[in-house]
Structure formats: structure tokens, C-alpha cells
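Q: Please see the structure below; I have some questions.
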Amino acid sequence: MTTDEVTTPGEQRGRFPAVVREAPGVDPVSTSVPRWDATDLEALAIDPDVRHWLVATSADMRTQVERFAHRLPAATVVDIDDGLADALRTARAGWRIVLVGPQRSVARARSSSLAAGALDCEVLSVSTDGVSGFDAATVDVFCAHCHHVSSGDVGIGGTITCGGCDRELAVAQHFSQRHHAYLGSLADGGSRHGGPGTTAAAGEE
Amino acid sequence: MVEELALVVTRIRDLGGDIRAITLADPEGEALPSFTAGSHLGVAWAPGQRNSYSLTSSGVMPHEYSIAVRRNDSGRGGSSWMHSLGHGACVYATSPVSAFAPVATATHHVLVAGGIGVTPVLSHVREALTWGRSFEVIYRFRPGAGAYADELSQLCGERLAMPSDRSAFDELIDDVLTDRPLGTHLYMCGPAQMIADVAERARRRGWPAARLHAEAFAAAGDAGGTPFRVDLAMSGSQVEVDSDVALLDALIAAGLDVPHLCRQGVCGQCATPVAAGDIDHRDSYLTADERNGGRVIMPCVSRAAGERITLDL
């Protein structure tokens, strides 16, 4: 790899004001961008056969969540950022998991829940800041080049500076449930610096 | 890709209860295609007739395939034919077909076997031991018909439970359904009634269908029902289906080459397009959406819901 073909992130910054908001050929309806189950606890469908619920929530929603949990046959209420990992270790098959909080917390908690063995249909997500990932919010972005996950207030099609490699990343319509993050890649795609091969080489640093 | 294999019988062992273990190998002793736990062979026992038998042996670069066949003299004749095979006999079979595989993301596997339904469970156990997966086995059988009970006991140790009666079995199932880790998946193989019972208990304890995996041993006559007439859209001809004949057999008898394998509505090979008419879906292959769509039928078990149906054949 020759480094002189790769522009430094500093040189790239601010150079790409016109960002394509929708990737050509990508149908917004079928992308992996999250569509949350509800924005209000009261709107959740409650399966009467489920005997135990694990409810994880952010501190500001705690009172409302406790009231909701009171209506369930049995429930464990934990903190979405600090208490969920322990609770998942003792959770049983047949339970349901309800996640209540801002999108980024819900996405992270959803990722941990699936990793612990929960199925997609067993995790109910209630977002308090937007009905879907198309609404701007604080989100995680996975860098395609250095694999660092950065957080920031950015929407799909926007740009964010990677906290790991300082590259300017364009946020794609691709959301990884496993990484609980949007895919971010070099905002100019490397096209003016010698074609796709150049970008791939930069990603292997 | 399913291919046709020529195999020879290398070992025969009677397991009691009319169950015979048959081991097959390549005639030249070559390695056979590998398979995942829960796979079966489609063994040809007459022209156009195949029976599916679960593989009980290890699937990693195998040099032999072992299956177990329960003799059923009131069946269509496949199991009797299998029992007539001697040492060195030649058998044609499909390469292994996977329709009951372990779920890779499961954190714990509960394997429930009823009677001869123990056969795929045996290969699940071997694979779980090879890869160090967490598992347990619940095996229920009639007195004297516990095929592979000793072998399973040696393989599983404490992880095997063999409840002696129905209430002990139900109690154990309820315990499993109430108190197993979040990522547990449950696999059932045995009589259709046992599977339906366990599935209902699971549903009442909040288990989604996606945690349950089943391979049913359909009873003979399940494909029968009221007689109906089939209109064939392509050829313009008609086929009458009598009450005791499966739609698949009626189509084959009429000279149509309908691919098929399991004859239990499980494998999906015989999927046939429907142009018009209501369907009595009896398979476990199609999704709910496909059923409601009414555009495809599994003729090995399913029938017309009315007096007529039109197939795109």
C-alpha cells in the first residue's frame, strides 16, 4: 500500500457538503434501519401467555415503567444501561424483554438481548426519541475502516468524525443489530483518489 | 444439492421392538458426504417410492451411515422391504437432507424423543458432544421398545431423563419449559400427538414457535380424506383422488413426475403450484403466509378443501 494515495482525514473534512441522503437502489422500506415497536408503553401488545417480563429502562422513565410492570403477571425491572447484562444471565426461555429508553440505549440493549439468546420476536423496543432510525437522534456509528464505534447526533446520510481514526464518515442506511450501530464509511468513497482499491487498502491499515 | 448415492448394507443389528439398525457404506469404502445433526436419507424401496430415515451416526466426514427402521407391516411396504435387506445388499438413497438441524445461536438444547423418534436425537447428541454444546435429552418409550437407551445413557450420563409414565414426562416437560436459560431451543421427534402436546404446553408458558423444532412421524392414512377431482391446467386433463389415496400418489399414478421425498409434509420437495380451489393444508413446511396465499400445495399430505382443485401442471 502506498500512503501518498490516501488523503488524511483532516484534508477531507468539510469538503463534501452535498451528501446523498438515500442510497440509489436502496428501498427505505426494506433497509435494516430500526423501526421501533412503540414510542409509548401503553401501545405495546401484551401476550397473555407470557408469565414473566424483564423490563429495562432509563432512569427518567422509571416511574412510568414501574406502573406498567405492575399490570404484568410477573416482572423484573432493571436499569437499561447498567442492570441488563446481569438480568439476562438469569433470564429464562419463555420470558419477554421490554426495552424503554432513547434509541441508542434501546439499540444497545437489544443487541445484548439477542446475544444472550433472545429471539427477535421476544424483544419489544419502546423508543422515547423517535419512531424509527430515520428520526435524528443520538446514535452509534461503526467505522468500516478501523471498526471503532463512535456516538453522535447524526441522521442517515449525515457525516460524523470517527473517534478511532479521525476519518469523516458518511452514515449509511445499514444498521447492524449485532453492533447496534449504523455503518459509516469514508464520506468521499475514495473515488477521486484512485478508485475503490485505494479505499480498501486504507481500510486494512 | 441432493444427489443419488449407491450404498451397500455393511451391518445389521436388531434393537428390540421391531426396530432394526442398518449401517450403509460406499461400495468401494470411500468417504460419504458429511451431514449436520438431524439429517435424513431418502431411501428408495420401490420405483418412485422413498422413505425418509434419520441418520443416527456421526456426520463428520463419515465412512458409514446408520439408520434405524421400525417394521410396520400395515404400512405401504417400505419398512418391511428395509427389514428384508441382507448383508451386502445394494440400496439407492439420497445424500443426507437436513430438515431438523440444531440452531447455531442456541445457548442450550432440549431434545425430546418419543419411541423411534429417538433416531435424529442420537445424531444431535453426538454433534453436541463433539462441539461441547449444552444439552439434555428427555426420552419416552413403551416398555421394551427403548431403542438406543443404553447408548444414549452412556453418551449423556446425567443429561438423559427417561420418564417411566405420562405424568412424569409431563412434569419434566413443564419444568424444562419454566426454568431453562433464555437462549434454549427445544427439539421434538416422535408421534404427532406428543409433539402437539409439548408444543401446546410451551405456548402456554410464553414460548414462541421459533424456539420449537419438530420432526413428526406421521401415522399412515394421514393423507386421506374426502374424494375430490383435480383439473390440470397445463395438460387440460383430470385426475380423480379417492378417499384413501394421497394426492401425490394420484398424480404419480396419472403419469405426472412430481418430485417428492419425505411424504410427511416436511421436506418441501413436492411443492406444487395451485391455480384455483381451496386447500386443506396438512404439511408442516409452508409458512402461514404461504398457506393463506393458497398458491401452493404439498400433495404428499394435503388435499383439496372442496370437491375440485386446479393445479398448474
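The values are calculated or read from the model by the stated rules, or taken from the named source; none is laboratory data. Quantities reported herein were computed from a predicted structural model and do not represent experimental measurements. Counting neighbours? That spans all protein chains shown, and the Cβs are built from the backbone with ideal geometry, glycine included. When the accessible area is computed, the model is the full protein with side chains, heavy atoms only, and any ligands, DNA or RNA have been set aside. Shrake-Rupley method; radii C 1.70, N 1.55, O 1.52, S 1.80 Å.
Q: Please tell me the relative contact order of segment B:4-98 in percent, rounded to the nearest whole number, where contacts are Cα pairs under 8 Å and at least six residues apart.
A: In percent, rounded to a whole number, it is 39.
Q: Let me ask another. Kindly provide the helix-only [θ] at 222 nm of the protein assembly as shown, computed as the sum of -39,500 (n - 2.57) over DSSP H runs of four or more divided by all residues, to the nearest 500 deg cm²/dmol?
A: -6000 deg cm²/dmol
Q: Let me ask something else about it. With springs connecting C-alpha atoms under 10 Å apart, model chain B as a Gaussian network and identify which of B:GLY59, B:GLY29, B:GLY277 has the largest mean-square fluctuation.
A: B:GLY29
Q: With Rg and the Kirkwood Rh both taken from Cα atoms, where does Rg over Rh land for segment B:49-151?
A: 0.98
Q: Can you pull the percent of the protein assembly as shown's accessible area that's carbon plus sulfur, 1.4 Å probe, other chains left in place?
A: 50 percent
Q: Find how many whole Å separate the alpha carbon centroid of segment B:56-116 from the alpha carbon centroid of segment B:1-22.
A: Measuring centre to centre over Cα atoms gives 8 Å.
Q: So for segment B:108-216, averaging the separation of alpha carbon pairs under 8 Å that are six or more residues apart and normalising by length, what relative contact order in percent results?
A: This gives 33 percent for segment B:108-216.
Q: Order the peptides A:96-104, B:292-300, B:149-157 from the highest to the lowest mean number of other Cβ atoms within 10 Å of their residues.
A: Top of the packing list down: A:96-104, B:292-300, B:149-157.
Q: Summarise the partner chain shielding of A:108-118 as one whole number: the mean count of Cβ atoms from other chains within 10 Å of each residue's Cβ.
A: 2
Q: Between B:ASP175 and B:MET61, what is the FRET efficiency for a Förster distance of 51 Å, r being their Cβ-Cβ separation, to the nearest 0.05?
A: With a Förster radius of 51 Å, E is 0.85.
Q: A follow-up question, please. Suppose R0 equals 35 Å; then what is the FRET efficiency for A:ASP86 and A:ASP40 from their Cβ-Cβ distance, rounded to the nearest 0.05?
A: According to the calculation, E is roughly 0.80.
Q: While we're on this one: Just grab the label-to-label distance for A:ALA136 and B:SER237, each label 7 Å out from Cα along the Cβ direction, in nm (one decimal).
A: 6.9 nm
Q: Looking at the calculated P(r) for the protein assembly as shown, what percent of the C-alpha pair distances fall above 40 Å?
A: In whole percent, the share of Cα-Cα pairs in the protein assembly as shown beyond 40 Å is 42.
Q: Further question on the same structure: Against the empirical 2.2 N^0.38 Å scaling, what ratio does the C-alpha Rg of segment B:1-71 come to?
A: 1.09
Q: While we're looking at this one, here's another question. For peptide A:121-132, how many partner chain Cβ atoms fall within 10 Å of a residue's Cβ, on average?
A: 1
Q: With the Cα gyration tensor of segment B:108-216 in hand, give its eigenvalues times 5 under a square root as the equivalent ellipsoid semi-axes, listed largest first in whole angstrom.
A: The equivalent ellipsoid of segment B:108-216 has semi-axes of 19, 17, 12 Å.
Q: Rg (Å, one decimal) plus Dmax (Å, integer) for the alpha carbons of segment A:36-127?
A: Here Rg and the maximum Cα pair distance are 11.5, 30 Å.
Q: Hey, what did segment B:231-313 get for relative contact order, percent, Cα under 8 Å, at least 6 apart?
A: 37 percent
Q: Per residue in segment B:181-206, which ones lose no less than 50 Å² of accessible surface when going from chain alone to all protein chains (1.4 Å probe)?
A: Checking the loss per residue gives B:LEU182, B:ARG205, B:GLY206.
Q: Rg(Cα) of chain B divided by 2.2 N^0.38 Å?
A: 1.03
Q: Still on this model: Do any cysteines of chain B lack a neighbour Cys whose Cβ is under 4.7 Å away, and which are they?
A: Cys with no partner Cβ under 4.7 Å: B:CYS90, B:CYS156, B:CYS189, B:CYS270, B:CYS300.
Q: Separate question: Principal axis extents for segment B:69-112, Cα atoms only, whole Å, descending order, please.
A: 42, 24, 18
Q: If you project the alpha carbons of segment B:155-235 onto the principal axes, what extent comes out on each, in Å, largest first?
A: For segment B:155-235, the Cα spread along each principal axis is 59, 28, 27 Å.
Q: Additional query: Once the Cα atoms of segment B:228-311 are picked out, what are the Rg and Dmax in Å?
A: Cα-based Rg and Dmax for segment B:228-311 come out at 11.5, 31 Å.
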